[in-house]
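Note sheet for the following structure.
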Amino acid sequence: MSEEQKQNGAGPAEGETKAEAAPEGAKAQVPPAKTEGAPQSGEAPQAPPQPAEAPQQPAAPQPGVEPKQTSGAAPQPAAETQTAAGASQPAAQQPAAAEKRPLTDEEKEARRQAALAARAAKLAAQGGAAAGAAAGAAAGGRAAARGAAAAGGEGSEEPPKPSPNQPKLDRAVQLLKELVAEDAVEEASLNPFNDDMPTLVIRGEHWPKAAETLRDHPEFGFRYLRNVAGVDHETHMEVVYHLLNMDSGDTYCVKVRTNRDNPSVPSVVSVWKTADWQEREIYDLLGIAFPGHPDLRRIMLPDDWVGHPLRKDYVPLDPEV
Amino acid sequence: MIRTEELLLNVGPQHPSTHGVLRVVVKLDGEIITHVEPVIGYLHRGTEKLAESLNYTQIIPYTDRMDYLSAMTNNYVLCYAVEKMMGIEVPERAEFLRLIVMELQRIASHLVWWGTYLLDIGALSPFLFAFNDRERILQLFNELCGARLTYNYMRVGGVKWDAPEGWIDKVKAFVKDMKSRLDEYHNLVSGNEIFLARVKGIGAYDAETAIQYGLSGANLRCTGVKWDLRKNEPYCIYDRFDFDIPVGQNGDCYDRYYVRTEEIRQSLRILEQALEQFPPEGETMGKVPRAIRPPAGEVYVRIESPRGEIGCYIVSKGKAEPYRLKFRRPSFVNLQILPKLLVGESMTNLVTILGGIDIVLGEVDC
Amino acid sequence: MIGMMKGLGVTLKTLGTRKSTYKYPDEPIVMPDRFRGIQHFDPDKCIVCFQCARICPTQCITMSGKPNPDPEKKGRVIDTYDINFEICILCDLCTEVCPTEAIVMTNNFELAAYSRDELFKDRVWLQENNTNVRKDNNNIGAPKGGAK
Amino acid sequence: MQWLWDQPLSWMNAAWFTLGALCVLGIVIFFVTYAIYFERKIIGWMQFRKGPNRVGPFGLLQTVADVAKLLLKEDTIPAKADKALFIMAPALAFIPSFAALAIIPYGMNLQFADVNVGFLYYVALSGVTTIAIVTAGWASNNKYALLGGMRSAAQMISYEVPLVISVVGVAMMTGSLNLREIVLAQEGYFWNWNFLPQIIGFVVFLVSALAELNRTPFDLPEAESELVAGYHTEYSGFRFAFFMLAEYVYLYAIACLTTILFLGGWNPPLPQLAFIPGIVWFILKFLAVVFFVFWVRATFPRLRVDQLMGLAWKALLPLAMLNIFITAAGIHWFGWGG
């Protein structure tokens, strides 16, 4: 994104200063209701995930006119995020004056406040001070109720309709605590975007044993590892495993965190053979070492490549690219 | 005493039957393969790194180039992921258009596989038969979205173009013709004793190994595991149509051939039903906010591409660009079983087995 | 043996069928209207809003505007407008976001050139490339939902 | 040319011989160019496409253009190739194929050399080409070429055996190996052509002839999909043209032999049609066999090496043996043959 374009883009396009986008806007006090919650239970066990556009989507977002939050059913978060992105990324098709919504004062004031909080959080993230702050913190100053790594443990603010996966999640956490180790599970939560896919964060040193139990234990039975992804959150690195039990159709998401300086996650090639190349790819692009991997070499890049491109702090060889 | 030495042979990256720039380093003892080591990365374009500085509409043309034989399913998986995060409702007509286009893409992709697979085994004509029919699908796509291979057709929240008038009838005509063409294909090849001798019992593995190696698509179903995301985890409007999932028994190259040719027939069935229930008019674009910014959080979405389960894992921090975008590419995962299948086989079987797994290097290297 | 006989029968039958070879170099291929070929640029429609340059995934559009020469009209007029066809992937996003349809796709696709710098098309060339311009320019990305 | 044989060799005779040889060479080169052209045309028609139609009217000069291109192409020899063998291999492949044409009788007295062991002469010479292909494979110092050479050695040697034995039946019936006698023995209606009584021999001969020619379904030595181009991977320019020439001259030879041995040479199917000259019938049958070879190439996939060997030794050879016994029984009890 060449510099001068950004200036031109930012200059004429937006009048007011745009705060760092707080995706949910200031008032996310009510976490968007588990939109797929209620009808979930009725679903046949064979196909739990409900396609996103199932009718139970209560309120289709009105693009330009939604200043207020309607009562119970939260509109789509995007609808209230009318605030354009901050200076770094002027909204792609943000016409300057075309559909200026009447901003209520209270809305403006809330947004300014969110901007300040966001900026503070951003500084904190860069400083890396917030060791304990999970990925959520880096996402800006919105309330902690949101999403995967909510600081308040699993679902402290229980959504009005407990989702059917909740008991499964608790059962899983309890089983893992029993079989693997007391502190095996750091966090457990439901991913609201993914039809409440239970997400467990497991400590690195217990991960091989946990993987074993996840595959062999009759209650879990996750014999199919469908995806292994590496993610570089500025504060820490994360390896995300998506597991699937073909008979019951459940999918779980398991995360293992590691620090940034010498990231290492025990390899699970002995448990699921499909992890072999996927771990090599993560090692190649993100630099996370996988002790226990039979043949950990670079898979995508030439062997003499320096650095790991997918890291956020990766300096490309020639910046022109 | 005769001293025999193993012949180290580089099959690829520039080789007529590696379906792209795959290099397989093979140690040969005479014609028998003793050691195999696939080397990939020749087509690595760093799509995932690029995506971190592009907003969602800009990433769509990049997904066309990942699995260039089924660009529609790649487009769909990205749009579906963003729609799931933002909870956007896709209108009825757009859903139907998406389904029709994806099933046409599945047929086109299987036709390419069928043609090149037979060419690898030595028969010259099937390749031309397949491409002759695939040309009709490419014409349909060209009329619909302006391109033959890199369609860039779907947008978050719907599809960009509505079907031009007369297009639906052309698709109906194509589906009707394709049925008879398919029988002709079976006459030409499926009964041929030489073909059967070349394919039966080659590169066989059982269901347990398939699940261990995380295979998906026809490579999984050929071992008898009945797992197809269109049925087991329905997305789009697949749950409105009835079609069955072809399944093989003993997981050898012939079963993969049978499953894929049967899948073409099933796709034709879906297309017929979809064309009948096609809503005459309606919106093709849902309510999408001006700037697409999915809320902070992550989602892993997966659909059934012609090569298997293609997944899209997005971690978003609320900005217009994804914080981290990872594609679970079926060809990349399916290729892992190649070394296990090849040891002990002959050179000719290397080509047959590699063709049977049906990989596309654009997707393997992403 | 029956399988082989049937196979031979099929090839014999195709001996007489209609062939599907194009006579391409002699007869030009007529592309459907929506085909995404090389862009055509109409400078006086352009309001220099940089939308196309910003949306382009490969950033191959470089443009610059200059203040309007005649004093009473405000706004800006396009000065230079180049598309680098070495990296342009003809994905049609620029025409999608252009509010005034200044840049539209045409149906011609012959882009072969003997040297790389011939692929760097400037404003004049893009303006002259006005044969079989695309009529239905569905720019849904533009404000007001685009000219439907 | 028979009357020349008995006179002592003089300058005059030598000139006649070379003239005869040149005109046969001319016919064969003409055949080869238009065999390549028609093969590409026919296979094209079988695949929904027109064959070459750009060079010359209807593409007739396409092969001429190809040969000209091959002549002008730079003649590369790989660095560490075994130079002497590399240069000799193409010549070694072409010479026997052309020499083998001497014994083919096109008409009653239209024959270059009336050797009484005609077929044996042919088989002996075609063996030399196998050596040429193996040397080509070895000399070009390329792994794919080496593999191609090995395969072709195995294939051609093991298919010569059923080829020869399947013709023993014909020889038994006519009592001589001289090709002219064999054709004369097939006078009369088409049902006393050799292919009916010798139907097994005919099938075995056809299959092993295809294998001898390295054509689909037995084109293992130059299998594009596995061995890139088999033994002639490293050859370019005129040397490659020699290999192509050798292949098509063998096709010419095998097609002539099939017509002579099994389809009754220049005999018309019904004696009443005798007013049409024999050579026309010969050409018609000859073209039918050539069309069959092209047709097979367009349809069948390729066999694997071990299946190929299995077919030769386990299927064709016993069949050929069986054919001999049947012919023997036929001659003894039913009075077949001359």
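The values are calculated or read from the model by the stated rules, or taken from the named source; none is laboratory data. The model shown is predicted, which means the values in this text are computed figures rather than measured ones. Here the Cβ is made from the backbone with ideal geometry for all residues, glycine too, and neighbour counts use every protein chain on show. When the accessible area is computed, the model is the full protein with side chains, heavy atoms only, and any ligands, DNA or RNA have been set aside. Shrake-Rupley method; radii C 1.70, N 1.55, O 1.52, S 1.80 Å.
Calculate how steeply helix D:83-99 sits against the longest principal axis of the alpha-carbon atoms of chain D, using the helix alpha-carbon long axis, and give the answer as 0 to 90 degrees to the nearest 10.
20
Give, in nm to one decimal, the length gained when the segment between D:I29 and D:A288 is fully stretched (0.36 nm per residue of separation minus the Cα-Cα distance).
Roughly 91.3 nm would be gained on extension.
Could you list, in their original order, any pairs among A:K209/A:K273; D:K69/D:K143; C:K13/D:K41 whose Cα atoms are separated by more than 20 Å?
From the list (A:K209/A:K273; D:K69/D:K143; C:K13/D:K41), the Cα-Cα distance tops 20 Å for D:K69/D:K143.
With each label point set 7 Å from Cα along the Cα-Cβ vector, what nm distance links B:L138 and D:V280?
Label at B:L138, label at D:V280, 4.7 nm between them.
On a C-alpha basis, how far is the centre of the stretch B:52-108 from the centre of the stretch D:235-266 in Å? Whole number, if you could?
Rounded to whole Å, the Cα centres lie 55 Å apart.
Under the definition of partner shielding as Cβ atoms of other protein chains within 10 Å of a residue Cβ, what is the mean value for peptide A:273-282?
5
If you count only protein heavy atoms and use a 1.4 Å probe, how large is the accessible surface of D:K83, to the nearest 10 Å²?
Accessible surface of D:K83 is approximately 110 Å².
May I ask for log10 I(q)/I(0) of chain B at q = 0.07, 0.09 Å⁻¹, from a Debye sum over the Cα atoms as equal point scatterers with solvent left out?
Scattering profile of chain B, log10 relative to I(0): -0.31, -0.51.
Can you give the Kirkwood hydrodynamic radius of chain D from its Cα pairs, in Å with one decimal?
Here the Kirkwood hydrodynamic radius works out to 21.2 Å.
Let me check I've understood the local charge: for D:I260, count other residues with C-beta under 14 angstrom from its C-beta, Lys and Arg +1, Asp and Glu -1. What total comes out?
-1
Give me the distance in nm between label points sitting 7 Å out from Cα along the Cα-to-Cβ direction at B:K172 and B:N250, one decimal.
4.5
Using only the alpha carbon atoms of the stretch C:31-128, find the Kirkwood hydrodynamic radius as the inverse mean reciprocal pair distance, in angstroms to one decimal.
Across the stretch C:31-128, the inverse of the average 1/r is 14.0 Å.
Could you give the size of the charge dipole of chain C about its Cα centre, using +1 on the Cβ of each K and R and -1 on the Cβ of each D and E, expressed in debye and rounded to the nearest 20?
My answer is approximately 780 debye.
With each pseudo-label sitting 7 Å past Cα toward Cβ, what's the D:I95-C:T80 distance in nm, one decimal?
Here the answer is 6.9 nm between the modelled labels.
Hey, got the average number of other protein chain Cβ atoms within 10 angstrom for residues in B:311-323?
6
How much accessible area is lost when chains B and C come together, counting both sides, with a 1.4 Å probe, in Å² rounded to the nearest 100?
Interface between B and C: roughly 2700 Å².
Over the Cα atoms of the stretch A:166-262, each weighted equally, I'd like the Debye log10 I(q)/I(0) at q = 0.13, 0.17, 0.22, 0.25 Å⁻¹, rounded to two decimals.
For the stretch A:166-262 at q = 0.13, 0.17, 0.22, 0.25 Å⁻¹, log10 I(q)/I(0) is -0.41, -0.72, -1.21, -1.52.
For the stretch D:180-338, what log10 I(q)/I(0) values come out of the Debye formula at q = 0.09, 0.20 1/Å, with one point per alpha carbon and no solvent?
-0.38, -1.29
For the stretch A:172-201, which GluC sites (Glu not before Pro) are in a loop by DSSP, counting at most 16 other Cβ atoms within 10 Å?
Filter output for the stretch A:172-201: A:E182.
Given the options D:T18, D:T216, D:T63, state which has the largest fluctuation in a GNM of chain D using a 10 Å cut-off (strictly under) for Cα springs.
Highest fluctuation of the listed residues: D:T18.
With just the Cα atoms of the stretch D:1-157, tell me how far they stretch along each of the three principal axes, in Å, largest first.
For the stretch D:1-157, the Cα spread along each principal axis is 51, 42, 30 Å.
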